[in-house]
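Undergrad: To start, I am sharing the structure in question, which I have written as structure tokens.
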Amino acid sequence: MNPTTPVIDGTRTAEHAESDSGRRVWLLLVDPLPNRIFFDCGIVDALRDALPGRLAAVFLVHKKHIRPWVDRVEGLPVLAGGDLQPVQVPFRERIVRRVDIEIDRRAGFLPLAIRHSLRHGFHEGRWISGHRNSFLDPDYAGRLPRWRLLERLMARWHFSARRYAPSTLVEWMRDECDLLVVTSAQARVSMPFLTAARRLGVPVVGYVASWDHAVGKGVVSPHLDLYVVQNETMREDLRRYHGIGPERVVVTGWPQTDVYHRRHSRAEYEALLGRLGLDPSKPVVLYAGNTPTNQPYEGNLVRRLVGWWTDSGAHERFQLLFRPHPRDNEVPERFGAALDRPGAAVQQASYTDFADLATLLQHVGCVVANGGTIVLDGVVNDRPSVCITFDEGAPPGEHWADLNLGGEHYRELINSEAIYRADDFDGLVAAIERALAHPGEQAAERRRVSLDAVGEVDGRAVERIVAAIVSALGVRAAR
């Protein structure tokens with residue numbers, strides 16, 4: 001069997017045809033955020049160069065999250081998840097698939113993720129029945145007893161080679177795939193591919209997508225051949241919480257720091273501000289938003305901040321730039337107070353403007369955010385950074401902003417002297433004023449925390465990631 005490569009637009013090129021004769025490295029693109037890292041940090045381009053004629057892109061996301069990257073995969077075979085996992089299958093396979101779905105619902109991905117977090121104390125204080133973030137809803141733990149032995153059996157089944165995998169996928173992988181590379185090792189949609197790879201003996205490289213994923217975003221399969229992480233803390237997290245030996249974990253540094261390592265000129269920054277309608281001669285405070293799920297009262301804070309900035313005269317001294325989270329689909333409601341105001345601007349929620357973010361992080365006056373990687377990004381780029389730990393206008397007893405920082409790694413960052421904490425609105429405006437007046441005050445501590453969290457920023461993280469991936473091709477040869 002030598003199947004014809006399905007391409008998302010239904011066309012084929014000469015390069016596609018030439019690559020049909022050999023086995024490929026499948027790059028499994030499973031989630032918009034890590035996919036952005038792989039494209040915008042240059043990992044996809046570097047893999048293309050390192051594996052000429054051998055790389056194929058496999059998208060497991062909605063078409064709207066494929067379109068921004070279509071031009072970046074030009075010349076590569078591009079497979080869509082639907083081609084490898086068809087809905088219409090023989091009756092017997094439908095039965096097996098349905099049984100697998102029902103077991104997974106009760107004892108698979110989400111039940112294991114919730115039980116793992118509860119057992120290790122992750123997300124303490126954030127658990128809410130019916131939470132819009134499934135990882136924070138304890139109801140998904142399921143009704144089965146909370147026995148450690150039972151949960152070990154659940155995990156064994158979850159990662160078993162005997163689980164359901166579409167017959168089409170198994171056939172394609174048997175004939176076409178030399179190595180599977182997963183852009184997020186904990187993505188639920190990747191499970192059929194991990195199952196098929198284990199069944200066929202295809203080596204797998206798993207990229208752990210962010211610094212906090214191993215401590216609260218579900219279990220990690222212990223059966224991958226190689227794990228790529230960004231720092232030594234993540235390597236220890238895999239050992240401590242997932243039973244993965246350090247000899248199978250490669251520390252590469254943060255690929256986004258390669259983008260930060262490349263200096264973006266003042267002229268680029270001024271051109272970007274011009275496109276946003278801001279004055280390059282005035283300092284800019286960059287407010288980076290969280291998701292509506294994690295910070296539901298953020299709109300209240302934006303309104304009060306804009307009101308204070310206008311009424312106090314601060315608008316004469318600095319400008320406000322609001323950057324919504326890429327997953328924010330309520331931008332007009334949450335950031336409307338800053339729209340159409342001179343000296344203020346709101347960017348679009350986007351997965352594809354990483355270069356603009358890098359430019360901003362090298363030049364803005366300070367960064368303000370509640371949580372997320374953006375706080376660390378500000379520190380790494382030596383920007384005075386303010387972390388919000390309060391909920392403006394929330395009902396009594398609700399503490400979303402503070403609880404967003406409950407993860408182990410966030411606590412270490414928040415408790416350091418590398419950032420300013422804002423525990424109420426007065427503290428926020430005081431921290432912004434201080435950050436703008438004394439930009440170098442915390443520079444030494446920012447440098448120390450950056451070294452601990454991401455290592456030396458040398459512009460070679462992508463090079464190390466690609467080298468690790470290429471080295472895993474030898475596993476197939478050995479087998």
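The values are calculated or read from the model by the stated rules, or taken from the named source; none is laboratory data. These numbers were taken from a predicted model, which means no experiment stands behind them. Because the Cβ atoms are built from the backbone with ideal geometry, glycine has one as well, and the counts that use them run over all protein chains shown.
Undergrad: Just checking, how many residues over segment 150-193 are over 20 Å from the mean Cα position of the chain (by Cα), part of a helix (DSSP H, G or I) and of a type outside the set (Phe, Trp, Tyr)?
TA: Residues that pass the stated criteria total 18.
Undergrad: In segment 382-406, what count of residues is obtained for those that are touching a strand residue (DSSP E or B) at 6+ places or on another chain (Cβ under 6 Å) and of a type in the set (D, E, K, R)?
TA: Matching residues across segment 382-406 total 1.
Undergrad: Which condition number does Asp71 fail, the rest of (1) surrounded by fewer than 18 Cβ atoms within 10 Å (Cβ to Cβ); (2) touching a residue at least 12 places away in the same chain (Cβ under 8 Å) being met?
TA: Asp71 satisfies all of (1) surrounded by fewer than 18 Cβ atoms within 10 Å (Cβ to Cβ); (2) touching a residue at least 12 places away in the same chain (Cβ under 8 Å) except (2).
Undergrad: Same structure again: For Trp26, indicate whether it is at pLDDT below 95 and among the aromatic types (Phe, Trp, Tyr). First the steps, then the outcome.
TA: Working: at pLDDT below 95: no; among the aromatic types (Phe, Trp, Tyr): yes.
Answer is no for this residue.
Undergrad: May I pose another question? Name the helices (runs of 4 or more DSSP H) wholly inside segment 386-444 in which the number of residues that are among the hydrophobic types (A, V, I, L, M, F, W, C) is 3 or more.
TA: 400-403, 425-437
Residue by residue, here is whether (1) hydroxyl-bearing (Ser, Thr, Tyr); (2) part of a loop (DSSP other than H, G, I, E, B); (3) under 23 Å from Pro326 (Cβ atoms) holds:
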{"site": "Val219", "(1), (2), (3)": "no, yes, no"}
{"site": "Val228", "(1), (2), (3)": "no, no, yes"}
{"site": "Glu270", "(1), (2), (3)": "no, no, no"}
{"site": "Gly277", "(1), (2), (3)": "no, yes, yes"}
{"site": "Val306", "(1), (2), (3)": "no, no, yes"}
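Undergrad: Among the listed residues Ile101, Ile114, Ile95, which satisfies the condition of being under 23 Å from Val215 (Cβ atoms) and β-branched (Val, Ile, Thr)?
TA: Exactly one of Ile101, Ile114, Ile95 is under 23 Å from Val215 (Cβ atoms) and β-branched (Val, Ile, Thr), namely Ile114.
Undergrad: Also: Specify which of the listed residues (Ile465, Ile469) is in the same structural domain as Val25 (by TED's automatic domain parsing) and either charged (D, E, K, R) or more than 16 Å from Asp178 (Cα to Cα) (or both).
TA: So the residue among Ile465, Ile469 that is in the same structural domain as Val25 (by TED's automatic domain parsing) and either charged (D, E, K, R) or more than 16 Å from Asp178 (Cα to Cα) (or both) is Ile465.
Undergrad: Checking Tyr227 against (1) more than 30 Å from Gly108 (Cα to Cα); (2) among the hydroxyl-bearing types (Ser, Thr, Tyr); (3) under 21 Å from the mean Cα position of the chain (by Cα), only one condition comes out false. Which one?
TA: It fails just one condition, (1).
Residue-by-condition table, conditions (1) within 19 Å of Ala209 (Cα to Cα); (2) of a type outside the set (D, E, K, R):
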| site | (1), (2) |
| --- | --- |
| Ser221 | yes, yes |
| Val229 | yes, yes |
| Leu238 | yes, yes |
| Ile244 | yes, yes |
| Trp254 | yes, yes |
| Arg266 | no, no |
| Tyr269 | no, yes |
| Leu273 | no, yes |
